[in-house]
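The values are calculated or read from the model by the stated rules, or taken from the named source; none is laboratory data. As the structure is a prediction and not an experimental result, all values here were calculated from the model. Backbone-built Cβ (ideal geometry, glycine too); neighbour counts: all protein chains shown. Keep in mind that these areas ignore ligands, DNA and RNA; they rest on the heavy atoms of the full protein, side chains included. Shrake-Rupley method; radii C 1.70, N 1.55, O 1.52, S 1.80 Å.
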Amino acid sequence: MSSSTIPTAVISGTGLWTPEHIITNEELVASYNQWAHRYNDQHARAIAAGEREAKPLGSAEFIEKASGIKQRYAYIKDGILDVDRMRPAIPERPDDALSDQAEIAVNAARRAMDDAGKTAADIDAVIVSCAYTQRSYPAIAIEVQHELGIEGFGFDMLVACSAATFALHRAYEMVAAGTARCVLAINPELTSPQVNYCDRDSHFIFGDVATATIVERTDTCTSSHSYDILGTSAQTQFSSHVRSNFGYVSRANDVDPFGIDKLFHQNGRRVFKEVCPMAIRHMAAHVSHHGFEIADVKRWWLHQANINMNLLISGKLLGREASFEEAPIVLDRYANTASAGSLIAFHLYHQDLEPGDVGVICSFGAGYSIGSLVVRKR
Ligand SMILES: CC(C)(COP(=O)(O)OP(=O)(O)OC[C@H]1O[C@@H](n2cnc3c(N)ncnc32)[C@H](O)[C@@H]1OP(=O)(O)O)[C@@H](O)C(=O)NCCC(=O)NCCS
């Protein structure tokens, strides 16, 4: 489904918050391999008897070649590389302290507000949209709203890899419908707590980050780098090939609420094979719906899960290899940041376009879910 109108809403500001800690592939693999060696030693007899599988060893070269990732940011590095722990050590905060996820959301939000030249009084709604929220209620968005002194309303949304684009869709619709003049959409992607650092095939995929975007009415925009939202398009198709079963019902299921299937897991090959064609068809149709040819699109700010996915998708769309300027890649520095990837790319690489230049922001991933926006520099 697409929507297309005379531009009524613009993206007028973006913000990116990056944690201070970095984990390189080498560090990650050294700790995983140490853990795997220890596991294999501890279970040597069962492995020899064929009762258990040995843990395979990982390699930094494989990770870079298979994913394009060289490093990832971690909100808290402590604990992740500790072979006795293999997960971040994030101290619990009391109910009267700002929660971790609200804190990183506020950090990104303040930057987006500065970028758009907006104060709390200008904003009517806050959306926090990401792959996981750290609690069910009260909404993280309402906590952020309170912290920033924004009146109006806030709510949380979960759409895995497409959380950021789907939130921008909602922001666009609210502004177009007149239910909000200006919306702050934030993606505090605190991914590290849901990574299985003992799984060689997925321990390298994710990084932590927060992005924020201001969507407002065209006539209130004063930003020097704003983009008309020409239209939005979304598509979902159920698949369990990227899945996390973490949830509150585990308590009633009498199962380990932190068991392996409760963490991120995927059939990476199937995801690759099934999502790429969907994303290509989706973007081609969306661009064409607005009367543009693929060649009219100056920049593709694509979801950042895997470099080979991005190269395949941009290559098929363009009919040739895309340059960095045409489809910027941030995976090497940021890894997969769940829904934030396309917005990191947009945040870092949008100021150089000329007025009238058209671009596409697009996410694709778990759900499966695909969300796109066709935008034009003002
Ligand atoms: C996840 C992904 C990067 C894995 O790449 P892949 O090429 O499919 O890798 P495979 O799991 O098939 O493994 C290929 C080989 O490398 C080995 N390998 C896998 N992970 C490894 C690691 N971390 N270190 C070293 N070797 C590894 C495998 O054992 C296999 O060896 P073999 O050929 O001798 O059997 C890839 O499937 C992918 O990009 N999927 C897209 C989905 C995605 O990124 N989703 C993110 C969430 S939306």
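In summary, region 157-267 shows an alpha-carbon radius of gyration equal to 1.38 times the 2.2 N^0.38 Å reference for compact globular proteins.
Here the contact order of the chain, divided by its residue count and restricted to Cα pairs under 8 Å and six or more residues apart, works out to 24 percent.
When His37, His169, His225 are compared by accessible area at a 1.4 angstrom probe, the order from most to least is His37, His225, His169.
Measure nothing but the geometry: give the 0 to 90° angle between the long axis through the Cα atoms of 307-318 and the longest principal axis through the Cα atoms of the chain, rounded to 10°. It works out to around 40 degrees. Pairs of lysines in the chain whose Cα atoms sit within less than 29 Å of one another amount to 23, provided the residues are eight or more positions apart or on different chains. The alpha carbons of region 246-378 give a radius of gyration and a Dmax of 17.1, 58 Å, in that order. Geometric descriptor of region 118-160, per residue, is 65 Å³ (volume of the convex hull of the Cα atoms).
With the gyration tensor restricted to C-alpha atoms of the chain, the semi-axes of the equivalent ellipsoid amount to 35, 25, 18 Å, longest first. Using the Kirkwood radius over C-alpha pairs as Rh, can you work out the diffusion coefficient of region 1-63 via Stokes-Einstein at 10 °C, viscosity 1.306 mPa s, in µm² per second? It comes out at roughly 96 µm²/s.
Across Ala97, Ala210, Ala327, mean-square fluctuation computed from a Gaussian network of the chain (C-alpha pairs under 10 Å connected) peaks at Ala97. Between the helical axis of 25-42 and the longest alpha-carbon principal axis of the chain there is an angle of about 30 degrees. Ranking Leu57, Leu158, Leu353 by solvent-accessible area of protein heavy atoms (1.4 Å probe, all protein chains present), from largest to smallest, gives Leu158, Leu57, Leu353.
Per-residue SASA remark: Leu148, around 20 Å² accessible (1.4 Å probe; ligands, DNA and RNA not included). Label sites at Ala252 and Leu98, each approximated as a point 7 angstrom past Cα along Cα to Cβ, lie 3.6 nm apart.
For the chain, DSSP calls about 75 percent of its internal beta bridges antiparallel. Residues in region 208-275 average 56 Å² of solvent-accessible surface per residue, probe 1.4 Å, ligands and nucleic acids excluded.
Taken about its Cα centre, region 175-305 carries a charge dipole of roughly 200 debye when the Cβ of each Lys and Arg holds +1 and the Cβ of each Asp and Glu holds -1. Quick one: helix 163-177 against the long Cα principal axis of the chain, what's the angle to the nearest 10°, folded into 0 to 90? Taking Cα atoms only, the helix is inclined about 20 degrees.
Accessible surface computed residue by residue for region 1-127, with neighbouring protein chains in place and a 1.4 Å probe, gives 53 Å² per residue.
Across region 1-115, Cα-Cα pairs farther apart than 22 Å form 59% of the total.
About the centre of its Cα atoms, the chain shows a dipole size close to 940 debye [charges on the beta carbon of Lys, Arg (+1) and Asp, Glu (-1) only; nearest 20 debye]. Remark: relative contact order (region 103-180) = 33 percent; criterion is Cα-Cα distance under 8 angstrom and separation of 6 or more residues.
Only protein heavy atoms count here; under a 1.4 Å probe, Glu354 has an accessible surface of about 110 Å². Placing a label point 7 Å from the Cα of Ser244 along the Cα-to-Cβ direction, the residues of region 333-374 with a backbone N closer than 14 Å are 336-340, 366-367.
If you filter region 261-298 for chymotrypsin sites (Phe, Trp or Tyr not before Pro), then keep DSSP loop positions with at most 16 other Cβ within 10 Å, what is left? The partial results should precede the final answer.
Details: sites: Phe264, Phe272, Phe292; in loops: Phe264, Phe292.
Counting only loop positions with at most 16 other Cβ atoms within 10 Å, the chymotrypsin sites (Phe, Trp or Tyr not before Pro) in region 261-298 are Phe292.
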